[in-house]
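Please treat every number below as a calculation from the coordinates, not as lab data. Because the structure is predicted, anything quoted here is derived from the model rather than measured. Reconstructed Cβ throughout: ideal geometry from the backbone, glycine too, with neighbour counts over all protein chains shown.
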Amino acid sequence: MIEVITATQNLLATEVPAAKYVDENWGQLDYYSPNFPVQWPCILIDVNAANFTNIGKDRSATPENRQMGEFSLELRIANLKLTNTSYQAPTTQKTQARSIWTLIDEVHKVVQGFEPDVMFGKLIRTGWRRVPREDGVQEYAVYYRGKADNV
């Protein structure tokens with residue numbers, strides 16, 4: 001999974017310039033304080049689940065018992081949202097406050113179909129959800145499915 005995280009981080013850092021911080025998710029957004037250890041907007045990467053099935057033995061490989069895997073890649077996309085987006089707010093203010101949707105779209109355009117490594121299949125989006133927060137951070141979790149061959 002190191003290959004998946006590293007390749008995805010490199011892709012997002014180079015192809016999505018609007019993201020100011022791209023890293024593996026180690027809980028950076030769990031610090032409910034005014035001093036988050038990220039820059040805004042940010043993308044945090046994690047492989048949050050994997051399932052494996054046995055496909056037989058290959059005595060020339062290590063380990064000998066080979067498996068096929070399917071994993072879920074989670075991208076947490078977040079931005080600090082402290083401005084009003086009500087109907088009467090200025091249009092430029094609303095556009096800036098809703099920029100996370102543009103970022104989510106930019107991320108999807110480069111991640112959908114991305115193949116992190118020769119052993120891994122293409123990443124396919126399976127869903128997203130809003131992460132409820134009470135601190136002015138607007139956060140969404142976007143999920144992609146990938147396959148690992150012969151691991």
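To the nearest ten degrees, helix 99-111 and the longest principal axis of the Cα atoms of the chain are 20 degrees apart.
Packing, as the average of other Cβ atoms within 10 Å across residues, places the peptides 101-109, 31-39 in the order 101-109, 31-39, highest first. When the Cα convex hull of segment 23-80 is projected onto planes of every orientation, the mean area is 5.3 nm². For the chain, the mean residue ellipticity at 222 nm estimated from helices alone is -7000 deg cm²/dmol, where every DSSP H run of n ≥ 4 contributes -39500 (n - 2.57) and the total is divided by all residues, rounded to the nearest 500.
Evaluated over the chain, the count of Lys pairs having alpha-carbon atoms less than 21 Å apart is 8 (only pairs 8 or more residues apart or interchain).
Packing, taken as the mean count of other beta carbons within 10 Å per residue, orders the peptides 91-98, 79-86, 52-59 from highest to lowest as 79-86, 91-98, 52-59. Each residue, E74 and S60, gets one label point 7 Å from its Cα in the Cβ direction; the gap between the two is 4.0 nm.
The base-10 log of I(q)/I(0) for segment 1-100, evaluated at q = 0.12, 0.17, 0.24 Å⁻¹, reads -0.58, -0.88, -1.21 [Debye formula, identical scatterers on Cα atoms, solvent excluded]. Between the beta carbons of K94 and T14, assuming R0 = 25 Å, the FRET efficiency works out to 0.25 to the nearest 0.05. Computed over segment 39-151, the percent of Cα pairs more than 20 Å apart is 53. With only Cα atoms counted, segment 93-134 has Rg and Dmax values of 14.0, 45 Å.
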